[in-house]
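Report on the structure given below.
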Amino acid sequence: MLEFAKEILRKRSLKRNASNVSTQILPLGKMRSYVAVIDVEDTSFDSCKTAIMNFFRAHNINGSVFFQDFRKIGSEDRLITSIQTTITKKDLDWLGRPNKYKLHVLKEQDPDVFISLIKEPNFAVEYLARTSRARFKIGRLQMSNDLFDLVIKDPANKSLSQYESFQAIKEYLLRIQ
């Protein structure tokens, strides 16, 4: 019963807070800023972060990389990414939405492009994507109501890393005129 109520409240929250900005495929030359969301549990996360930042920097596009870090971190462990752009389990409310501070940081970025490299997005990533006012949204798995304008799926019988997925996205971005 609790899960059923949670789903209803999640849908209501998404409907109430979803961006009303219409999205479309955007040529690289019209992008001014980006936000990418990656999972630190993917072994390629560091090289992926570097590839994302280098690609957009080379095209004079500002932005930042947000990190999903749902690992259990003990008292001796340290966060390996920026606290401002890292979403941990502690940053989620009981519905699974990121806290207001993290949402404010994302909103402040005002990205033209939102990229989710999370292979199996959870509610937190869906919430970030749906509430983002980005004009072009890219993901690895399509979500309801055609959330993403461009979806780069893993090939059959092969699981790509986030880095490999970004390489494929990069090829498409370079082709879109």
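The values are calculated or read from the model by the stated rules, or taken from the named source; none is laboratory data. Bear in mind that the values here come from a model prediction, so they are computed numbers and not experimental data. Cβ coordinates were reconstructed from backbone atoms using ideal geometry, including for glycine residues, and neighbour counts include every protein chain displayed. Heavy atoms of the whole protein, side chains included, go into the accessibility calculation; ligands, DNA and RNA do not. Shrake-Rupley method; radii C 1.70, N 1.55, O 1.52, S 1.80 Å.
Details
- Alpha-carbon centroids, segment 113-164 and segment 1-25: separation in whole Å: 16 Å
- Virtual spin-label span in nm between GLU120 and LYS100, 7 Å along Cα→Cβ: 3.4 nm
- Positive-end residue of VAL21, ASN54, PHE114, charge dipole of the chain with Cβ unit charges: VAL21
- Within the accessible area of segment 94-177 (1.4 Å probe), percent carbon and sulfur: 48 percent
- Averaging the sequence gap over all C-alpha pairs within less than 8 Å and six or more residues apart, then dividing by the number of residues, gives the chain a relative contact order of 29 percent.
- Of the peptides 88-101, 159-172, 7-20, 112-125, the order by per-residue mean of other Cβ atoms within 10 Å, starting with the highest, comes out as 112-125, 159-172, 88-101, 7-20.
- Its alpha carbons give the chain an Rg and a Dmax of 15.9, 51 Å.
- Loop-located trypsin sites (Lys or Arg not before Pro) in segment 120-161 (DSSP state not H, G, I, E or B) with no more than 11 neighbouring Cβ atoms inside 10 Å: LYS158.
- Solvent-accessible surface of the chain, averaged per residue with a 1.4 angstrom probe and all protein chains in place: 57 square angstrom.
- Note on the chain: antiparallel DSSP beta bridges, both residues inside, total approximately 5 percent of the bridges counted.
- Helix-derived mean residue ellipticity, 222 nm - over the chain, DSSP H n ≥ 4, -39500 (n - 2.57), to 500: -11000 deg cm²/dmol
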